[in-house]
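Please treat every number below as a calculation from the coordinates, not as lab data. As the structure is a computational prediction, the values presented were derived from the model and not from experiment. Reconstructed Cβ throughout: ideal geometry from the backbone, glycine too, with neighbour counts over all protein chains shown.
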Amino acid sequence: MLSRISIVFLFALVMVSCRDARIIEHKEWAKVYEENGIKDACFILRDNNHESIHYYNLERCSQRFLPASTFKIFNSLVALETAVAPDERLVIKYDTAYGGREEWRKDMDMREAMKVSCLWYYREIARRIGPDRMKRYIDTIKYGNMNISGQIDMFWLNDSLQISADEQAGFVKRLYFAELPVSERSQRIVRNIMLREEGPGYKLYYKTGTGEIKGGKYIYWVTGFVERIEHVKEPKGSMNKTDIRMYPYFFSQNFEMPVADTSRNWFDTRIAITKTILKQYGALPKE
């Protein structure tokens, strides 16, 4: 995981050894944001297959912001690990006092709550976990700035907890390889409920997030990973018993726009931008 210190080191590494460095700037990705009228944005991609890091706007990639609903990834892990949720089928009854979007107004389980990013479900999950257990896992996993001050069911939205794009990419990489200090089962379940799209040769997993930050702006997150699926011909006698290979790529992006800007659907735009950059890089197949 890239820390603030390592980001400074990366700057030096790129300057000293551009020829050999595996940290690569993609200035061309700026055009994707500019075409959508976005000025403040960043994107970071970890290509595990080539052990390289690719980025646009390195300074912003190391800047921490509230995680908003991307925290549901972490919240789900802790719920499973503490048995607050025995599995992803835990149903919580809807209370009309919760209000919220139309698709939230019903009983639902964790899988659906993750899919529709249901706030009331995950606020209730956080309350059941409680501040002591939540803080213990935040500190153990070292998630962002590890600050959960304020309400136990709002700290990921009230600017207490903050995380950077590079830390997000590092976090989902550890999740993918089951390297987080929680059970393999919990990590496997969370990976599974993050799946949002699949097609010939790929699976796309991600979580979005939106929250209000200083300056009357919203931050829009997309964090996740791609599995490129390829078939290879194994030589006779190979120990590999299947010709299927999974090639993972880990990514995180965020951008900010004024709260008052309703010129387009920014919720859909962030997904479209993410896919465009992943296709340009080759992590997603082009149509």
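Brief remarks on what is shown
- A cut-off under 13 angstrom between Cβ atoms defines the neighbours of Pro200, and their net charge, with Lys, Arg +1 and Asp, Glu -1, is -2.
- The coefficient of translational diffusion for segment 115-262, derived via Stokes-Einstein from the alpha carbon Kirkwood radius under 37 °C and 0.692 mPa s, stands at 187 µm²/s.
- The C-alpha atoms of segment 9-157 occupy a region whose extents along the principal axes are 57, 37, 31 Å, arranged from largest to smallest.
- Amide N proximity, segment 178-219 versus Lys286 label position 7 Å along Cα-to-Cβ, cut-off under 18 Å: 200-202
- Over segment 36-120, all Cα pairs binned in 10 Å intervals from 0 give whole-percent P(r) values of 14, 31, 27, 23, 5, 0, listed from short to long.
- Stretching Ala178 away from Asn265 to a fully extended chain increases their span by 27.9 nm, per 0.36 nm per residue minus the current alpha-carbon distance.
- Charge context of Asn49, other residues only, Cβ under 12 angstrom, K/R +1, D/E -1: 0
- For the residue pairs Lys203/Lys275; Lys173/Lys286; Lys142/Lys217; Lys31/Lys279; Lys31/Lys115; Lys31/Lys72, the alpha carbons lie more than 21 Å apart in Lys173/Lys286; Lys142/Lys217; Lys31/Lys115; Lys31/Lys72.
- Calculated Rg and Dmax of the chain using C-alpha coordinates, Å: 19.2, 64
- Extension gain, Ile213-Arg127: 0.36 nm per intervening residue step, less the Cα-Cα distance, totals 28.6 nm.
- In a reduced charge model with +1 at each Lys and Arg Cβ and -1 at each Asp and Glu Cβ, the chain shows a dipole moment near 340 debye about its Cα centre.
- Once backbone amide H atoms are built at 1.01 Å from N, Ile23 has Ile53 as its partners under 5 Å, excluding neighbours fewer than 5 places away on the same chain.
- Expected 222 nm ellipticity per residue - DSSP helices of 4 or more, -39500 (n - 2.57), all of the chain, to 500: -10000 deg cm²/dmol
- Toward the positive end of the charge dipole of the chain, with +1 on the Cβ of Lys and Arg and -1 on the Cβ of Asp and Glu, the farthest Cα among Gly211, Ile244, Met154 is that of Ile244.
- Taking 0.36 nm per residue of separation and subtracting the current Cα-Cα distance, fully stretching the chain between Met154 and Ile229 would add 23.2 nm.
- Mean separation of Cα contacts under 8 Å (6+ apart) over length of segment 18-111, as relative contact order %: 19
- The chain, relative contact order [Cα under 8 Å, separation at least 6], %: 21
- Scanning residues 5 or more positions from Phe43 or on other chains, those with amide H under 5 Å from its amide H are Tyr56, with H placed 1.01 Å from N in the peptide plane.
- GNM top mover of Met246, Met110, Met194 - the chain, alpha-carbon springs below 10 Å: Met246
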